[in-house]
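K.L.:
My questions all concern the structure below.
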Amino acid sequence: MSINRVCVFCGSRPGNRPEYTLAAHALAEEMLKRGIGLVYGGASVGIMGELADAIVAAGGEAIGVIPQSLVEREIAHPGLSELKIVSSMHERKYVMAELADGFIALPGGLGTLDELFEALTWAQLGFHAKPCALVNTSGYYDHLSAFLDHAAAEKFVKGNHREMLYIEAQPARILELFAEHPVAGSL
Ligand code: AMP
């Protein structure tokens, strides 16, 4: 399918290894190379800020979606192509999902996991057929990947639903998989 924009979920903190920041830069570079725009949470801090800075500095499209209540707390990014201010976290996730053709999570915390799993459960329910992926930088998501295999083995997650989540170390590989992903889907 043709991917014009991806929604990237990622940490509002930088984490404790330079590799996490480097992964954000690598993803930005691969998106820019392919002319893929960014949809994300609109903050200027942590991995979120690193990713948006890299896209904006190269003249790429970066759309932020942030709830009014978080505008100051997450320090909204001042240089985006567009900053959409919405009224709730739920609206944020819905608007981000509508704008994007696929979902990628870089390393991040609870918010990142919540957002990625919501997109994945919407795919599981057939609300959309957009691809979902984890960037497994320095094995950050190894335990989560093993847990999802366990959940499938224990029959709480269907095998084909487990396979709906691509887990790859290299952002370039994820964008290749997205380009080969069979069906586009609306939300
Ligand atoms: P984190 O991965 O926890 O650093 O959070 C990354 C992003 O997820 C930030 O933009 C947070 O605003 C957002 N976030 C945090 N908690 C939640 C939540 N419960 N639901 C949706 N988004 C969240």
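K.L.:
Mind checking whether some residue in the range 103-123 is among the hydroxyl-bearing types (Ser, Thr, Tyr) and touching an Asp or Glu at 6+ places or on another chain (Cβ under 9 Å)?
P.N.:
Here is the first cut: in the range 103-123, the residues among the hydroxyl-bearing types (Ser, Thr, Tyr) are 112, 121.
Now narrow it down to the ones that are touching an Asp or Glu at 6+ places or on another chain (Cβ under 9 Å): none.
Checked against the condition, which is being among the hydroxyl-bearing types (Ser, Thr, Tyr) and touching an Asp or Glu at 6+ places or on another chain (Cβ under 9 Å), the range 103-123 yields no hits at all.
K.L.:
If you check 79, 126, which single one turns out to be surrounded by fewer than 19 Cβ atoms within 10 Å (Cβ to Cβ) and touching a helix residue (DSSP H, G or I) at 6+ places or on another chain (Cβ under 6 Å)?
P.N.:
The match here is 79.
K.L.:
Let me ask something else about it. Please determine, by comparing only the residues of the range 1-23 that are within 15 Å of the ligand (Cβ to nearest atom) and in a helix (DSSP H, G or I), which one is nearest to residue 187 (Cα to Cα).
P.N.:
23
K.L.:
Name the one entry in 151, 172, 146, 119 that is within 21 Å of residue 4 (Cβ to Cβ), of a type in the set (A, V, I, L, M, F, W, C) and away from the ligand (no atom under 16 Å from the Cβ).
P.N.:
One residue alone meets the criteria, 172.
K.L.:
Can you name the residue in the range 88-116 that is within 12 Å of the ligand (Cβ to nearest atom) and surrounded by fewer than 16 Cβ atoms within 10 Å (Cβ to Cβ) and is also farthest from residue 9 (Cα to Cα) among such residues?
P.N.:
Checked the range 88-116; the qualifying residue farthest from residue 9 (Cα to Cα) is 88.
K.L.:
Is it the case that the range 133-140 has a residue that's more than 16 Å from the ligand (Cβ to nearest atom) and part of a helix (DSSP H, G or I)?
P.N.:
Within the range 133-140 (the criterion being more than 16 Å from the ligand (Cβ to nearest atom) and part of a helix (DSSP H, G or I)), the answer is yes, since at least one residue qualifies.
Bear in mind these aren't lab numbers, they're just calculated from the coordinates by the rules spelled out. This is a predicted model, so every value here is computed, not measured. Methodologically, a virtual Cβ is constructed for each residue, glycine included, from the backbone with ideal geometry; neighbour enumeration extends over all protein chains shown.
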